Amino acid sequence: MIGTVKQPAKTSALRAFLSSEAAGGILLMAAAALAMIIANSPITEKYNDFLHLVIGPELTPKLGPMTVHLWINDGLMAIFFLLVGLEIKREFVDGHLSTWADRTLPMVAAAAGMFVPALVYLAIAGGDPALQRGWAIPAATDIAFAIGVLALLGSRAPASLKLFLTTVAIVDDMGAVAIIAVFYTAELNIPALAAAGGIWFAMMMLNRFGVNALWPYLILAALLWYATLLSGVHATIAGVMAAFAIPFRRTLAAPDAEDSALHRLEHALVKPVAFLIVPIFGFANAGVSLAGTSFAALAAPLPLGIAMGLFLGKQIGIFTSVWIAVKLGIAARPSHASWRQVYGVALLCGIGFTMSLFIGGLAFTGPDQADDVKIGVLMGSILSAIIGYLILRFAAPQKNISESTI
């Protein structure tokens, strides 16, 4: 059972997370590539039929009968967002984002890295009112994919860059969660929303009264997911809300607390999410047929806006904001990292894959637009990954750095 999972106290949750995300990111790349191969093969119809296979009852009239694809996007991804919420809470309470000095550079970079891609997208695709809804698609970073690419560089990428990328992506995830909750909720079922609020309040009360066992929280989290699904707010938000209610014992920069409920749950979820849930999501959402696709189709406003938002918007927003913050003395550059390496990481932040596909699925539900979203996300993410990797691969290591780590 999850509630009995134990990890040695000396095991860092962040190290375990980075290790799993690196390997999981490589697996995600393979799953996405397999989906593309199948979607462009003679068995593409079987692939689509499997994703739309009904394997559950109708939980809400809005979604209809539960299919394989719905269980992945609304069910498994809620567990992904639960892990995201646990990471956010840990880092902000007792991690590398626990002080304002630590938060400054990642928060500045993440904010610019969401705002500028949205502007780039709107500049290209915003002329069509029907496409304006997709402004948030290039705003998110796929931490697993980006860390996976960074892991391929081995010792060529200093540890400070991995930490910088992780903290920016965590803050980025916070923004993505807020965007999903605020901008992609069309209609609200007030009684269901009130029920979700009551369940979350009950979880917070358990925390307040010192209940450290995980099973009551997990039962209530499942009920919270269902109430959120009925409310009209995307069900994955329940994962983040549940995470915020999980008890956490501060260790004041000491090794992770073995008896902390949050640490136990995070350690239990890291590998299943990285090695199973995220690759399954990638396989189910990356498959798009390129048959008959022309250059003109690739340069259409929707895919081009997403691709350029990820590739240009992310690198411009993040690198420029970091450079300004350092030059103004607001924050220090990541230690032992040259400006070329910082630029390479800014490019890797343009890998939007998982989160961008997820937001794209909320923004556009029509099959033609859904394919355009996938093409744009793949173009921008692959371009960012390749160019970012090459810049980091051939960047000379920085010497005699005086700035402190983030």
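Here are some notes:
- The set of residues in the range 312-349 that are charged (D, E, K, R) and free of Cβ contacts under 8 Å to residues at least 60 places away in the same chain comprises K327, R340.
- Every residue from the range 299-358 that is hydrophobic (A, V, I, L, M, F, W, C) and assigned to a loop (DSSP other than H, G, I, E, B): A299, A300, L328, I330, A331, A332, A337, C349, I351
- Residue in the range 245-261 that is under 19 Å from F80 (Cβ atoms), of a type outside the set (A, V, I, L, M) and modelled with pLDDT of 85 or more present: no
- Only listed residue being closer than 20 Å to M114 by Cβ and either touching a residue at least 24 places away in the same chain (Cβ under 8 Å) or crowded, with 20+ Cβ neighbours inside 10 Å (or both), chosen from G210, G175, G232: G175
- Whether a residue is within 18 Å of S384 (Cα to Cα) and in a helix (DSSP H, G or I) was assessed, and V84 does not pass this test.
- When restricted to residues that are part of a helix (DSSP H, G or I) and either within 25 Å of the chain's Cα centre (by Cα) or of a type outside the set (D, E, K, R) (or both), the range 35-52 contains 10.
- Only listed residue being closer than 21 Å to R133 by Cβ and of a type outside the set (F, W, Y), chosen from A291, A297, A331, A268: A297
- As a summary of the residue check, V177 satisfies the conditions (1) modelled with pLDDT of 85 or more; (2) within 27 Å of W135 (Cα to Cα); (3) out of contact with any His (no Cβ under 9 Å at 6 or more places or on another chain); (4) β-branched (V, I, T) except for the one numbered (1).
- Hey, A238 within 29 Å of I179 (Cβ to Cβ), touching a residue at least 60 places away in the same chain (Cβ under 8 Å), among the aliphatic types (A, V, I, L, M) and touching a Gly at 6+ places or on another chain (Cβ under 6 Å) or not: no
- Identity of the residue in the range 134-145, in a helix (DSSP H, G or I) and at pLDDT 85 or above, that ends up surrounded by the most Cβ atoms within 10 Å (Cβ to Cβ): P138
The values are calculated or read from the model by the stated rules, or taken from the named source; none is laboratory data. Just so you know, these numbers come straight off a predicted model, no measurement behind them. A quick note on method: Cβ atoms are made from the backbone with ideal geometry, for glycine too, and the neighbour counts reach across all protein chains shown.
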